[in-house]
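Undergrad: My structure is below; once you've seen it, I'll send some questions.
We did not get these values from a lab; they are worked out from the coordinates using the rules stated. Since the model is a prediction, treat every value here as computed from it, not as a measurement. Cβ sites come from the backbone with ideal geometry, for glycine too, and all protein chains shown count toward neighbours.
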Ligand code: URA
């Protein structure tokens, strides 16, 4: 078909599912290459109402070379899952703009870019809710192995997109997530799909439920009850899936009395800050869980926030979570964490008495086959994430902070600090507290030469011992 024919004709594109990115991409490529105007295309998802008798030719095939910026692909993959029926057409309009100007997406004032960014953001928010509010109930599965079943009602077509998250998180369990649009099942080896379901298809009530209720009652803090905010975060529509919400009325009813009792108790206590610090920290952590200050949140499983007692004398700051930390949601639990733990024991520091966090809270990686390979955060990412570290430091107020490696040092000091030149001596932070810089445990793991490894390991332990002595002296 010649270009002139294509620009005059109408085209009708049928997509196999509402989130059919591949189908959209293949059609859009061919149409864009032929210069077809957005107004000459109708998009329809199989099985959905639409232009029932839509007339139009199938889209032309795309040629071999059609490259678009990576940001566009990420945006399109998210926005296509939105329930807005115009999403396919909007994305095609943007694609056409990009064909004319590869930097078209950088114009944030462009209403088209803005609208698509909003769609993508709503999809990500829906995904976040799914991660947070899916509640499994245990039923007997095949061959006596328990199966965990949850019902969830997303606003957008996110279920296929999010299946990987649940596979990574619950790889060892057999589970099913039922939604009105489709069900997904994991049998420990592969994901399969089934038809949509209703809430009545999911089991109700079992010991898993009791565990959630106990957990929730324990974390419920009466001083933090803001009903509006709670409803925003935990919309009522999800409550029926969530065993702990059965407790909400009861907990809210008692909240005022319990808050008064809490205030009374804290007034009688010699050291007042802890409950405030606990609440401030929990609120900060909850905010960080939704962080989108930089792009790293897009691929990471979750924010990995700091942990440890809020009155810790020593705060350790690493670089960023690794693969295992990203899955577990806790800092320093992978191979570097193992080395770090052993070094702490050797140096006579109890990790449980320290606060451990990272300069950057999301895992940055590139996917290579099944492996996710660590990538160092760049200056912009460190700078964006500094905000969280600073708030954590304001709450914990550690007399001594240890930067593990150059990224942590850069974040703490707000500028490049060479590890070699600054190592092994007390340094002063802008809040007047003391900082020490040493190497990152991963550096020791990467050293190829055995004798260098032994030497550097001993230096690392020496640094930690000095930190231990110094922390004791500072609080004596
Ligand atoms: N490396 C880090 O810097 N932090 C972690 O939490 C894990 C590995």
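Undergrad: Taking the Cα-to-Cβ direction at residue 171 and at residue 459 and moving 7 Å from each Cα, how far apart do the two end points lie in nm?
TA: Each label point lies 7 Å from its Cα, and together they span 3.5 nm.
Undergrad: Still on this structure, please answer the following. May I ask you to compute the full-extension gain from residue 295 to residue 143, defined as 0.36 nm times their residue separation minus their alpha-carbon distance, rounded to one decimal in nm?
TA: Gain in length upon complete extension: 50.4 nm.
Undergrad: Report the relative contact order of segment 277-475, percent, no decimals, based on alpha-carbon pairs under 8 angstrom and at least 6 residues apart.
TA: Worked out over segment 277-475, it gives 23 percent.
Undergrad: Would you please calculate the Kirkwood hydrodynamic radius of segment 277-475 over all C-alpha pairs and express it in Å, rounded to one decimal?
TA: Taking the inverse mean of 1/r over all distinct Cα pairs, segment 277-475 comes out at 16.9 Å.
Undergrad: Residues of segment 338-359 with the amide nitrogen closer than 14 Å to a label point 7 Å from the Cα of residue 447, along Cα-to-Cβ, please.
TA: 340, 343
Undergrad: Please order 167, 317 by the number of other Cβ within 10 Å, starting at the fewest.
TA: 167, 317
Undergrad: Same structure again: How far, in nm, would the chain grow between residue 189 and residue 71 when pulled straight, counting 0.36 nm per residue and subtracting the alpha carbon separation?
TA: Net length gain for the segment: 39.4 nm.
Undergrad: Rank the residues 411, 376 as a footprinting-exposure proxy: fewest other Cβ atoms within 10 Å of their Cβ go first.
TA: 376, 411
Undergrad: Next question, about the same structure. For a Förster distance of 22 Å, can you work out the FRET efficiency between the beta-carbons of residue 427 and residue 469, rounded to the nearest 0.05?
TA: Computed FRET efficiency for residue 427 and residue 469: 0.85.
Undergrad: Taking the Cβ of each residue in 129, 118 as the centre, tally the other Cβ atoms inside 10 Å and list the residues starting with the fewest.
TA: Ordered by Cβ neighbours within 10 Å, fewest first: 118, 129.
Undergrad: Taking a ≥ b ≥ c as the square roots of the Cα gyration tensor eigenvalues, with a/c under 1.5 meaning rounded and otherwise prolate when a/b beats b/c, else oblate, which class fits segment 3-121?
TA: oblate
Undergrad: Pulled fully out, how much extra length does the chain show between residue 416 and residue 346, if you take 0.36 nm times their separation in residues and subtract their Cα-Cα distance?
TA: 22.2 nm
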